[in-house]
Amino acid sequence: MNIAIITGSAGLIGSEAVRFFAKRFDKIIGIDNDMRSYFFGKNASTNWNNEQIKSEVFNYQHENIDIRSYDKLESLFAKYNNDIKLIIHTAAQPSHDWAAREPITDFTVNANGTLNLLELTRLKCPKATFIFTSTNKVYGDTPNRLPLVEKEKRFELDPNHKYFKEGIDENMSIDQTKHSLFGASKVAADVLVQEYGKYFGLNTGVFRGGCLTGPNHSGTELHGFLAYLMKCAITGDHYTIFGYKGKQVRDNIHSYDLVNMFFNFHVNPNPGAVYNAGGGRHSNCSMMEAIELCENISGNKMNYSYSKENRVGDHMWWISDVSKFKKDYPKWKWKYNLNDILTQMHENMINRFALKAGQ
């Protein structure tokens, strides 16, 4: 039997992975205990998505397990052992600001939870592929030292810089920089995943995401900026821009495109490899540009204000260079651009709000 374990299975990337790999595996085991509602409140709960997955995916098995519980994870891994061929680890505490409120919770979820899963992979199913959803926040605020040029609606990199054409590559240092506590816990997990590949020879892969996004994102003010922005465009809720004149730039990758990267890696794993994973020059925007797009798609004028204080460790400009991955896996390419992503978000949210109102 071929089994895939996906943590954070009701979240944005996890649920996309469930649907994608359900067609390719005998059984998908999803691990998700809706910690997102603890982090960000009931409006951020992913239970709606979990129920949808259970009704749609016939070979899906849900496990309400906290990844900090080694014993409960061990019982699950021991039941299937070498039948487990793939582990996709997307569960995390994902917010800069929230991490500072409860540093121990943040670290134990992001770092200790990852270590639990790695060690059980080594002990129970060492031939399996282990994919970790890391973050560009492991680079800390080092990107803010790049020579940026201020434009009307965005910051842009000096055209003469080596990163201008494709974006930031994996050679940027993750050391001697301010990460935020969230970034630090993800660095710890990131390096652990690399080490289990390089030291123990496991088929581990690290994917350092830019803005991971898509129609099934339960966006909140503290995490998931495009989804939360579109939600505010639809509902009229107030949105706050934090710092950098709203000209901070992010690249945005659709959840499907990221999961397709995972698939290509699983077919031919490169143990201990690290890849930047984002929208690159193909799909990126500033905050001000995103607001304009949301207004155009929704037909609504947004209710927003500006705060001069930026978030700790936040990037002024980030575009991921995915050239390394494209070189190693030339069959992969983006399917969705920024306009596709926002249009899908708008349609999905309208349908969800209508369904909720009818209950």
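The values are calculated or read from the model by the stated rules, or taken from the named source; none is laboratory data. Note that the structure is predicted; figures quoted are calculated from it, not measured. Heads up, the Cβs are rebuilt from the backbone with ideal geometry, glycines too, and the neighbour counts pull from every protein chain shown.
Just to be sure, is Ile131 in contact with a His (Cβ under 8 Å, 6 or more places away or on another chain), over 17 Å from Trp317 (Cβ atoms), modelled with pLDDT of 95 or more and among the aliphatic types (A, V, I, L, M)? Criteria met by Ile131. Considering only the range 87-98, state which residues are modelled with pLDDT under 95 and either over 17 Å from Gly183 (Cβ atoms) or assigned to a helix (DSSP H, G or I) (or both). His96, Asp97, Trp98 - these are the residues of the range 87-98 that are modelled with pLDDT under 95 and either over 17 Å from Gly183 (Cβ atoms) or assigned to a helix (DSSP H, G or I) (or both). The residue that is nearest to Val259 (Cα to Cα), among those in the range 98-134 that are surrounded by fewer than 22 Cβ atoms within 10 Å (Cβ to Cβ) and hydroxyl-bearing (Ser, Thr, Tyr), is Thr108.
Using the structure shown, decide if Thr46 is in contact with a strand residue (DSSP E or B) (Cβ under 8 Å, 6 or more places away or on another chain), surrounded by 22 or more Cβ atoms within 10 Å (Cβ to Cβ) and hydroxyl-bearing (Ser, Thr, Tyr). Walk me through how you get there before you give the answer.
Details: in contact with a strand residue (DSSP E or B) (Cβ under 8 Å, 6 or more places away or on another chain): no; surrounded by 22 or more Cβ atoms within 10 Å (Cβ to Cβ): yes; hydroxyl-bearing (Ser, Thr, Tyr): yes.
Taking the combined requirement at face value, the residue does not satisfy it.
Of the strands (runs of 3 or more DSSP E) lying entirely inside the range 112-172, those containing at least 3 residues that are of a type outside the set (Lys, Arg) and under 18 Å from Val187 (Cβ atoms) span 129-135. Residues that are of a type in the set (A, V, I, L, M) and either surrounded by fewer than 22 Cβ atoms within 10 Å (Cβ to Cβ) or not in a loop (DSSP other than H, G, I, E, B) (or both) within the range 173-213 comprise Ile174, Leu181, Ala184, Val187, Ala188, Ala189, Val191, Leu192, Val193, Val206, Leu212, listed in sequence order. Looking across the range 83-127 at every residue that is over 19 Å from the mean Cα position of the chain (by Cα) and among the acidic types (Asp, Glu), the one that is nearest to Phe200 (Cα to Cα) is identified as Glu119.
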